[in-house]
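The structure follows.
The values are calculated or read from the model by the stated rules, or taken from the named source; none is laboratory data. Because the structure is predicted, anything quoted here is derived from the model rather than measured. Note: ideal-geometry Cβ built from the backbone for every residue, glycine included; neighbour counts use all protein chains shown.
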Amino acid sequence: MSIEFKNITYTYMPGTPFERTALRDVNLVIREGSFTAIAGHTGSGKSTLLQHLNGLMSPSAGQVLVDGVDLNGRGSREAKRAAMEARHKVGMVFQYAEHQLFEETVFADIAFGPRNLGLGEEEIAGRVQEAMGWVGLDYEKFKDASPFQLSGGQMRRVAIAGILALHPKYLVLDEPTAGLDAAGKEKLIKEIVQLHRKKKMTMIFVSHNMDDIACLADKVIFMEQGRVLLHDTPEKAFRAKEILREAGLCPPQICSFLEELKAAGVPVDTNALTVEQGIENIMEAMGRA
C-alpha cells in the first residue's frame, strides 16, 4: 500500500492579487515501509505538500490517495467515511510540536487523541504507556508530571507520543529535531529510527540537514517552486549535482570533503554518504598510498 499524489496542484487565494501556486502538478508515490525525506528551500512547497497528506488541505486539482482511498471523500456517505478513516492513518507532527501541548499532565496530553476516538480507559492507558515507551519516557516517572516542566527534548517526545498513541500507519515529521541541542537531537533521531525498524512504520520527514537525510532516508524528494525535481535513493540523489544546485541544496558534508580530497590528488573513493563510510574510504586510500 502507499500514499499517492496524482497531478496535485494547490493555489493559495485564487482569483485575488495575492494568488500563489504552491504545488504544480505533483506526482509521487510514497511506498509503505519507506523512510522518505523531503528537502527544499523555504517556499519550495514542502509544508503545503505535508498538509495534503492527511487532509488538512484539499488540492485545487488532482487527488491524494492513502491506501487507494481519496482523502477528499467526494460523493457518497461511504466515500466520506472511508476518507475519514484514511486520514486517521496519517499522524502529523508539526515543527516545534511541543507548542501543541496543553494538558496538565503528560498522561492527559498523550491520552487526549485516543479519548477523542471514544476508546475505553483501559485501552487509553495501554496506548499511553506504549507510546511513552517508544519515545523513551519512563511511564511511572513522567505520567503525572506537567509537560511544561520538562526539557525541550522531553516535551517534543511527549508531543510525538500523543500522535503515536493514535496508532498511525504513516508518521509525518516536519523538522523533528529543530531547536534541540546535540544530545536531544541524537536521542530523538535514535527513537525515530527505532520506530521505523521495529514497528515497520512508514516515515515521511522534512529536514534541511542533508547529513541527517543521508543517514536516515531510503528515499529522497527534492522540491523547488512547487515542483518535484527528484525522487530517488540518497545515493543517486546526492550525485545529481545539477538538480542539487537547482534546488539550492548542498550534499552532505562528508561528500564535499571527499571531493576536495580527490581534487587535491588523494585517490579516495567519493561514494560515501555518512562519516563512517567516509572514514573507511579515506583509510583505504591511505593504505594504497
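Please tell me if Glu186 is free of Cβ contacts under 8 Å to residues at least 60 places away in the same chain, in a helix (DSSP H, G or I) and more than 24 Å from Gly113 (Cβ to Cβ).
Yes, satisfied.
Starting from the stretch 35-48, take each residue that is within 26 Å of Lys199 (Cα to Cα) and list its partners that are among the polar types (S, T, N, Q) and at pLDDT below 95, counting only C-beta distances under 7 angstrom and pairs at least six apart or across chains.
Here the result reads Ala37/Ser207; Ala39/Ser207, each pair linking the stretch 35-48 to a residue that is among the polar types (S, T, N, Q) and at pLDDT below 95.
Determine the pairs where a residue that is without any contact (Cβ under 8 Å) to a residue 40 or more places away in the chain and under 18 Å from Leu56 (Cα atoms), located within the stretch 1-24, has a partner that is assigned to a loop (DSSP other than H, G, I, E, B) and of a type in the set (D, E, K, R) with Cβ atoms under 9 Å apart, the partner being 6 or more residues away or on another chain.
Tyr12/Glu19; Met13/Glu19
Specify which of the listed residues (Lys241, Lys219) is in the same structural domain as Ile8 (by TED's automatic domain parsing), over 20 Å from Val29 (Cβ atoms) and not hydrophobic (A, V, I, L, M, F, W, C).
Values: Lys219 fails: over 20 Å from Val29 (Cβ atoms).
Sole residue among the options that is in the same structural domain as Ile8 (by TED's automatic domain parsing), over 20 Å from Val29 (Cβ atoms) and not hydrophobic (A, V, I, L, M, F, W, C): Lys241.
Please determine, by comparing only the residues of the stretch 125-148 that are touching a residue at least 40 places away in the same chain (Cβ under 8 Å) and not in a loop (DSSP other than H, G, I, E, B), which one is surrounded by the fewest Cβ atoms within 10 Å (Cβ to Cβ).
Phe148
Next up: What's the number of the only condition in (1) at pLDDT below 95; (2) closer than 26 Å to Phe205 by Cα that Gln129 fails to meet?
If we test Gln129 against (1) at pLDDT below 95; (2) closer than 26 Å to Phe205 by Cα, just (1) comes out false.
Just the residues that are out of contact with any His (no Cβ under 8 Å at 6 or more places or on another chain) and under 16 Å from Glu4 (Cα atoms), please, taken from the stretch 206-238.
Hits for the stretch 206-238 are Arg227, Val228, Leu230, His231, Asp232.
Testing Ile243 on (1) modelled with pLDDT under 90; (2) in a helix (DSSP H, G or I); (3) touching a strand residue (DSSP E or B) at 6+ places or on another chain (Cβ under 9 Å), one condition comes back false. Which one is that?
(1)
Now for a different question. Looking only at the stretch 169-211, count every residue that is crowded, with 20+ Cβ neighbours inside 10 Å and within 23 Å of His99 (Cβ to Cβ) and tell me the total.
Within the stretch 169-211, residues that are crowded, with 20+ Cβ neighbours inside 10 Å and within 23 Å of His99 (Cβ to Cβ) number 14.
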